[in-house]
1. If I model a spin label at residue 159 and residue 446 as a point 7 Å from the Cα along the Cα→Cβ vector, what separation in nanometres do I get?
2. Give the lysines reachable from residue 377 as a straight Cα distance under 26 Å; neighbours fewer than 8 places away on the same chain don't count.
3. Tell me whether the chain comes out rounded, prolate or oblate; compute the Cα gyration tensor, take square roots of the eigenvalues as a ≥ b ≥ c, and use a/c under 1.5 as the rounded threshold.
4. Rounded, prolate or oblate: pick one for region 1-82, where a ≥ b ≥ c are the square roots of the eigenvalues of its C-alpha gyration tensor, a/c under 1.5 means rounded, and failing that, prolate if a/b is larger than b/c, else oblate.
5. What angle do you read, to the nearest 10 degrees and between 0 and 90, between the alpha-carbon axis of helix 82-97 and the longest principal axis of the chain?
6. Cβ neighbours within 10 Å, averaged per peptide: list 414-426, 477-489, 311-323, 161-173 in order, most packed at the top.
7. Cross-link candidates for residue 221: which aspartates and glutamates have Cα within less than 16 Å, leaving aside residues fewer than 8 places away along the same chain?
8. In straight Cα distance, which lysines are under 29 Å from residue 431, not counting same-chain residues fewer than 8 positions off?
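None of the figures in this text is laboratory data; all of them are computed from the coordinates on show. Just so it is clear, the structure is predicted and the values come from calculations on it, not from any experiment. Using ideal geometry, Cβ is built from the backbone for each residue, glycine included, and neighbour counts are taken over all protein chains shown.
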Amino acid sequence: NFAERSEEQVSGATVIAQALKTQDVEYIFGIVGIPVTEIAIAAQQLGIKYIGMRNEQAACYAASAIGYLTGRPGVCLVVSGPGLIHALGGMANANMNCWPLLVIGGSPERNQETMGAFQEFPQAVRSSIYGRPGACYVDIPADFVNLQVNVNSIKYVECCMSPPISMAETSAVCTAASVIRSAKQPLLIIGKGAAYAHAEDSIQKLVEQYKLPFLPTPMGKGVVPDNHPYCVGAARSRALQFADVIVLFGARLNWILHFGLPPRYQPDVKFIQVDICAEELGNNVKPAVTLLGDINAVTKQELASKKSLPMNYYTVFYHVQEQLPRDCFVVSEGANTMDIGRTVLQNYLPRHRLDAGTFGTMGVGLGFAIAAAMVAKDRSPGQRIICVEGDSAFGFSGMEVETICRYNLPIILLVVNNNGIYQGFDSDTWKEMLKFQDAASVVPPMCLLPNSHYEQVMTAFGGKGYFVQTPEELQRSLRQSLADTTKPSLINIMIEPQATRKTQDFHWLTRSNM
Ligand code: ADP
């Protein structure tokens, strides 16, 4: 009955064991002695497995490996003094490996004050698994172990949640994707951080989608199977030495990886570092890109960004919209360019959007933009005109760029270029098509010359021209164009000409080549 229960007493040892159980601790390794024996017994009674070892150091190694394998800290239980000192080796090892671990040591009795120390378990568990995982020590005075307390006076703090998942900055993800894409000899290094992060499925997808040769570190082995065709473990030195871009997934540039320095590496190799620990980024080398976040989440971000390269309409308009001044004029024409642009690009003022209109006329854009610029100049100086053109639409009145430059109008022309009317071909397909036949017989009517440098129409008259292929190039050129009020500019934005794109092949290190 309630009155009896409310007087029920439990020992401090049981409270400690229950607190551990509440934190999802499954295993304790240790060597018992005064005052921690009762803790081990109480833990067993609550269903926690206790493994008695012969030296605290080995017990601590075992407990830390539980942390690596399960993601929740294993516990190492030791007596004070020599017990704790023996455990130090294991704690240092866990810390260096970035593996979560809880070491609980019993210290001599002290004046009984509060039970507050038990509240330290959630904090200890959290510190061991959040951020960079590592070792934590909780000291339990002997008098806590044998103290009898009323059950009703105990409140266990609920189980510490798994660490929140952090993701890398979007622009860094895009930059990393373009650095990888432009690599001639890329290499992915998979470390034990990737194993701990359970990133196996996403990393394998990344390896296959980007066709990336990979090299596992000793404990990174098996994240992607060693017998995978892109595994270059057998050519380790060569792979490190000749790579021009190296992506580090949860591996530090320490002695195991020869500090990332020549002669084991190219002096100008570009490192892309993925790690959950900010302090690790930039250690020993100056990375080209740093991605601070959980490996599994960052890998998924990279996979998602891969789909948008080459860019499509949505990617382009998304990045344009981010920077558009609220009061700008938006002039637009083209087929998809105008239709999709209308849904993504926002207008906040009346009479600030001009497009192909009722008659669906192509070729009106530059004239409209010039008119808007004249009005803006007279009525609200400083206002910008953003003219978003399909490559086909731009062709109808492209020579008006000379007019724009002659009057130095504050117009930014964006040519969304897919090499055609509705769609076109990439330059490889184009060359292939013209190998044996005359263009007029084989070129599909909707195709325009691939990779036309429309931005040179602008530079021809003294304005600024940009040829962009990636979101970050687009962001940068638009930022510069908006900042420069002295000249008009044209940004020629290359997007996917067709739905599918030929993938690159990296033969330089795959098994068939060794
Ligand atoms: P290896 O010995 O396999 O080269 P290291 O121990 O040097 O691996 O590197 C592991 C790295 O993984 C550490 O820098 C650590 O901060 C990082 N790490 C651990 N867990 C995660 C995670 N979930 N996401 C990202 N990085 C992580």
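1. With each label placed 7 Å out from Cα toward Cβ, I get 5.5 nm.
2. 464, 487
3. prolate
4. Working: a/c = 3.19, a/b = 1.68, b/c = 1.90.
Note, shape of region 1-82 comes out oblate.
5. Helix 82-97 sits roughly 10 degrees off the main axis of the chain.
6. Details: 414-426: 23.2, 477-489: 16.5, 311-323: 18.7, 161-173: 14.1.
Result, highest mean first: 414-426, 311-323, 477-489, 161-173.
7. 200, 201
8. 184, 211, 306, 307, 502
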